[in-house]
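I am attaching a structure below and will ask some questions about it afterwards.
The values are calculated or read from the model by the stated rules, or taken from the named source; none is laboratory data. Remember, it's a predicted structure, so these values are computed and weren't measured experimentally. So basically every Cβ, Gly included, is an ideal-geometry build from the backbone, and we count neighbours across all protein chains shown. Heavy atoms of the whole protein, side chains included, go into the accessibility calculation; ligands, DNA and RNA do not. Shrake-Rupley method; radii C 1.70, N 1.55, O 1.52, S 1.80 Å.
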Amino acid sequence: MVKISTPTPDRSKDTVQPNGMNADNFLKNPVVMFDHNYADMPIAKCTGLKIQDTGILATVQFPDEGIYDKADTIYKMYKDGFLNAWSIGFMPVDYEENEQGG
């Protein structure tokens with residue numbers, strides 16, 4: 001499992017409250033995109049979510065090696081420690097400005 005979100009401010013100073021997540025639409029097509037690039041093909045699929053007060057965890061399954069070169073590269077870079085952060089794309093349903101300006 002990988003942590004895909006926490007309630008702490010991200011680089012844009014936005015926060016996501018894990019228990020406020022509505023994953024219904026995501027779970028209908030649980031694809032994992034790289035670098036929030038929705039114009040590209042998915043690199044993996046999410047096979048499970050676990051929501052905790054400290055964040056959202058995802059189980060991620062990459063395609064078999066050799067099917068998609070980009071997914072192979074990203075998987076290897078993750079396993080070798082070159083990529084160590086995951087994140088979600090989101091559209092807030094309800095929000096208010098936080099003290100960091102997000």
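How many of the residues in the stretch 44-102 are basic (Lys, Arg), more than 15 Å from the chain's Cα centre (by Cα) and either surrounded by 13 or more Cβ atoms within 10 Å (Cβ to Cβ) or in a loop (DSSP other than H, G, I, E, B) (or both)? Spell out how you get there, then give the answer.
So the first thing to find is which residues in the stretch 44-102 are basic (Lys, Arg), and the list is 45, 50, 70, 76, 79.
Filter again for more than 15 Å from the chain's Cα centre (by Cα), leaving 70, 76, 79.
Keeping just the survivors that are either surrounded by 13 or more Cβ atoms within 10 Å (Cβ to Cβ) or in a loop (DSSP other than H, G, I, E, B) (or both) gives 76.
Qualifying residue count for the region: 1.
Identify the single condition in (1) out of contact with any Pro (no Cβ under 7 Å at 6 or more places or on another chain); (2) within 20 Å of residue 83 (Cα to Cα); (3) among the aliphatic types (A, V, I, L, M) that residue 32 does not satisfy, given that it satisfies every other one.
Condition (1) is where residue 32 drops out.
Right, another one. Among the residues of the stretch 2-10, are any open to solvent by 100 Å² or more (accessible area, probe 1.4 Å) and more than 11 Å from the chain's Cα centre (by Cα)?
Pass one, the stretch 2-10, residues open to solvent by 100 Å² or more (accessible area, probe 1.4 Å): none.
Within the stretch 2-10, not a single residue is open to solvent by 100 Å² or more (accessible area, probe 1.4 Å) and more than 11 Å from the chain's Cα centre (by Cα).
Go through (1) touching a residue at least 24 places away in the same chain (Cβ under 8 Å); (2) over 17 Å from residue 85 (Cβ atoms) and name the single condition residue 43 misses.
Residue 43 satisfies all of (1) touching a residue at least 24 places away in the same chain (Cβ under 8 Å); (2) over 17 Å from residue 85 (Cβ atoms) except (2).
Further question: May I ask you to list pairs of residues, at least six apart or on different chains, whose Cβ atoms are under 9 Å apart, with the first in the stretch 77-97 being in contact (Cβ under 8 Å) with a residue 12 or more places away in the chain and farther than 11 Å from residue 2 by Cβ and the second being among the polar types (S, T, N, Q) and open to solvent by 80 Å² or more (accessible area, probe 1.4 Å)?
93/22
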